[in-house]
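So the structure is just underneath, and the comments pick up after that.
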Amino acid sequence: MKSFTRSTLAAVLLAALSLHLPAQETPQMPKPTREHEWLQRFVGNWTTETSIHMEPGKPPLKAQGTETVKSLGGFWIVSEGKSEMMGQPFLFNLTLGYDADAKKYSGTWVDSMNGYLWRYSGSVDASGNKLTLESEGPCPMEPGKLFKFQEVTEFKSDSERTFTSSMQGADGKWTTLVTGVSKKK
């Protein structure tokens, strides 16, 4: 009986106190910013043509594929792509959003040809058409070492964008490894 009385007394005290405390407003959920809205340009179904430059002086490997990009709450885009490379299926997922606190675009990339999680950070240029992302990752020709990468997506129009991935070598020089064109279906 004592515990029932204490519980009842505690409930009555909490109820009485809540009548005297100021009402708390429900916090407003954040809304997508102008930078988040910029990402919506990626949303849709795309065809892709990619060239992979494995060695200087040799013809690049070519790959054609598709990519489906969806919006996640207006804050993120989530991309799922597929093609074939060197006779193998090549699948990838890209996430890309905007970190309003850091004032940077951020994202991740994973694919079916390696176990590395790429982490991106970058910005859009003054033209509003070019997104440059920086990362650090492995080079297939030098296993065990991490290199700086720079990946640039440029919107040529609402239905066409280009992509370039470059790696900075130990000598400080940048080498283009991948180029591509995506067209909205």
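The values are calculated or read from the model by the stated rules, or taken from the named source; none is laboratory data. Here the structure is a predicted model, which is why all the values come from computation and not from measurement. Reconstructed Cβ throughout: ideal geometry from the backbone, glycine too, with neighbour counts over all protein chains shown. Keep in mind that these areas ignore ligands, DNA and RNA; they rest on the heavy atoms of the full protein, side chains included. Shrake-Rupley method; radii C 1.70, N 1.55, O 1.52, S 1.80 Å.
When the accessible area of the chain is computed with all protein chains present and a 1.4 Å probe, what percentage of it is carbon and sulfur? That fraction is 58 percent. Given the options Pro60, Pro89, Pro32, which has the most mean-square fluctuation in a GNM of the chain, springs set between C-alpha atoms less than 10 angstrom apart? Comparing Pro60, Pro89, Pro32 in the GNM, the peak value goes to Pro89.
A 1.4 Å probe over all protein chains sorts Glu25, Glu84, Glu67 by accessible area into Glu25, Glu84, Glu67, starting with the largest.
Taking each residue as 0.36 nm, the span from Glu25 to Ala170 lengthens on full extension beyond its C-alpha to C-alpha distance by 46.7 nm. Surface exposure of segment 62-185, expressed per residue as accessible area with a 1.4 Å probe, stands at 59 Å².
Whole-Hz Karplus values for segment 93-108 come out as 10, 10, 10, 8, x, 10, 8, 5, 6, 7, 6, 9, 6, 9, x, 9 Hz, taken residue by residue from phi with 6.51 cos²θ - 1.76 cosθ + 1.60 and θ = phi - 60°; glycine and proline positions read x.
If the chain linking Thr33 and Asp158 were pulled fully straight, counting 0.36 nm for each residue of separation and taking away their Cα-Cα distance, it would gain 43.0 nm.
Legend: distances between Cα atoms for Lys82/Lys184; Lys82/Lys156; Lys82/Lys145; pairs beyond 24 Å are Lys82/Lys145. Each Cα pair under 8 Å and six or more residues apart adds its separation to the average, and for the chain the resulting relative contact order is 15 percent. For P(r) over Cα pairs in 5 Å bins from 0, in percent, one of [x] 1, 8, 17, 22, 22, 16, 9, 4, 1, 0; [y] 2, 9, 17, 22, 19, 15, 11, 5, 1, 0; [z] 1, 7, 12, 17, 16, 11, 7, 4, 3, 3, 3, 4, 4, 3, 2, 1, 0, 0 was computed from the structure I shared and the rest are decoys. Which label? Matching entry in [x] 1, 8, 17, 22, 22, 16, 9, 4, 1, 0; [y] 2, 9, 17, 22, 19, 15, 11, 5, 1, 0; [z] 1, 7, 12, 17, 16, 11, 7, 4, 3, 3, 3, 4, 4, 3, 2, 1, 0, 0: [z]. Rounded to the nearest 10 degrees, the angle from helix 2-20 to the longest Cα principal axis of the chain is 70 degrees.
In the context of the full protein assembly, Met141 retains an accessible surface of approximately 100 Å², using a probe radius of 1.4 Å and ignoring ligands and nucleic acids.
In this calculation the C-beta distance from Ser112 to Phe147 is compared with R0 = 22 Å, giving a FRET efficiency of 0.55.
Residue ranking by accessible heavy-atom surface, 1.4 Å probe, largest first, among Val178, Val110 comes out as Val110, Val178.
Maximal additional length on extending the Thr66-Val181 stretch stands at 40.3 nm, based on 0.36 nm per residue less the C-alpha distance.
Rounded to the nearest Hz, the phi-derived 3J(HN,Hα) couplings of segment 169-185 under the Karplus curve 6.51 cos²θ - 1.76 cosθ + 1.60 (θ = phi - 60°) are x, 4, 7, x, 8, 8, 10, 6, 9, 9, 10, x, 10, 10, 10, 6, 6, where x marks glycine and proline. Backbone amide hydrogens, once placed in the peptide plane, bring Met85 within less than 5 Å of Phe90, excluding anything fewer than 5 places away on its chain. What the phi angles of segment 117-133 give under the Karplus curve with 6.51, -1.76 and 1.60, with θ = phi - 60°, is a coupling list of 9, 7, 10, 10, 8, x, 8, 9, 6, 4, 5, x, 10, 10, 9, 10, 10 Hz, glycine and proline written as x.
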